[in-house]
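Asker: Take a look at this one; I'll ask things after.
Every read-out reported here was derived from the displayed coordinates using simple, explicitly stated rules and does not represent laboratory data. It should be emphasised that the depicted structure is a prediction, and the values quoted were computed from it without experimental measurement. Every residue, glycine as well, gets a Cβ built from its backbone with ideal geometry; the counts of neighbours run over all protein chains shown.
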Amino acid sequence: MVVFLGGMLGGGLRYLLTAIPQVGASIWMTWLINVTGTFALAYLGAYMKASQAGPRFLQAFLGTGLLGGYTTFGTLMSQFRTAGAAQGQLLAWGYLAATLFAALAAVYLAEQLVQQRFHREERHVH
């Protein structure tokens with residue numbers, strides 16, 4: 001049930017962002033959604049691992065539900081195909097590469113931020 005509720009909220013948020021006039025339907029809105037969602041999911045995972053805290057239902061609600069509903073791999077692939085047909089292969093492949101690069105960078109950044117946070121907290125405890 002928590003995954004369903006989280007997915008409903010995450011999907012609703014994604015829908016609202018894609019409904020923004022003039023920019024919502026852009027492939028770059030999907031890029032922004034996927035990159036921010038990837039960052040949030042990586043941060044959540046790294047934080048829960050480092051803190052060894054948080055009930056499993058919270059991880060299911062936030063990770064699988066909310067962020068799973070927010071991000072959209074299917075739309076990414078569909079827009080890749082559509083952009084290639086309508087605007088050329090260079091844009092399509094650039095979009096795909098930009099998404100993958102930014103998502104990997106977001107994972108790295110999220111993990112670094114969590115490590116710094118817990119490293120700082122460990123210094124204050126000792």
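Asker: If I go through segment 73-104 residue by residue, how many of them are touching a residue at least 24 places away in the same chain (Cβ under 8 Å) and either loosely packed, with under 11 Cβ neighbours inside 10 Å or closer than 30 Å to Ala53 by Cα (or both)?
Answerer: Here the count works out to 3.
Asker: Please verify whether segment 22-36 includes one or more residues that are outside any helix (DSSP H, G or I), surrounded by 13 or more Cβ atoms within 10 Å (Cβ to Cβ) and either touching a residue at least 12 places away in the same chain (Cβ under 8 Å) or not hydrophobic (A, V, I, L, M, F, W, C) (or both).
Answerer: yes
Asker: If you check Thr82, Thr75, which single one turns out to be under 16 Å from the mean Cα position of the chain (by Cα) and among the β-branched types (Val, Ile, Thr)?
Answerer: On inspection, the qualifying residue turns out to be Thr75.
Asker: Inside segment 105-126, can you point out the residues that are surrounded by 13 or more Cβ atoms within 10 Å (Cβ to Cβ) and basic (Lys, Arg)?
Answerer: Correct list: Arg117 only.
Asker: Ok, one more. Can you spot a residue in segment 42-51 that is over 20 Å from the mean Cα position of the chain (by Cα), surrounded by 12 or more Cβ atoms within 10 Å (Cβ to Cβ) and of a type outside the set (Gly, Ala, Ser)?
Answerer: First, the residues of segment 42-51 that are over 20 Å from the mean Cα position of the chain (by Cα): 51.
Adding the requirement that they be surrounded by 12 or more Cβ atoms within 10 Å (Cβ to Cβ) leaves 51.
Still in the running and of a type outside the set (Gly, Ala, Ser): none.
No, the conditions are met nowhere in segment 42-51.
Asker: Tally time: how many residues in segment 53-70 are in a loop (DSSP other than H, G, I, E, B) and touching a residue at least 40 places away in the same chain (Cβ under 8 Å)? Lay out the reasoning, then the answer.
Answerer: If we filter segment 53-70 for residues that are in a loop (DSSP other than H, G, I, E, B), which is where we start, we get 53-55.
When the remaining residues are screened for being touching a residue at least 40 places away in the same chain (Cβ under 8 Å), the result is none.
Residues in segment 53-70 being in a loop (DSSP other than H, G, I, E, B) and touching a residue at least 40 places away in the same chain (Cβ under 8 Å): 0 in total.
Asker: Given the structure, is Ala50 assigned to a helix (DSSP H, G or I), within 30 Å of His119 (Cα to Cα) and in contact with an Asp or Glu (Cβ under 9 Å, 6 or more places away or on another chain)?
Answerer: No: the conditions fail for Ala50.
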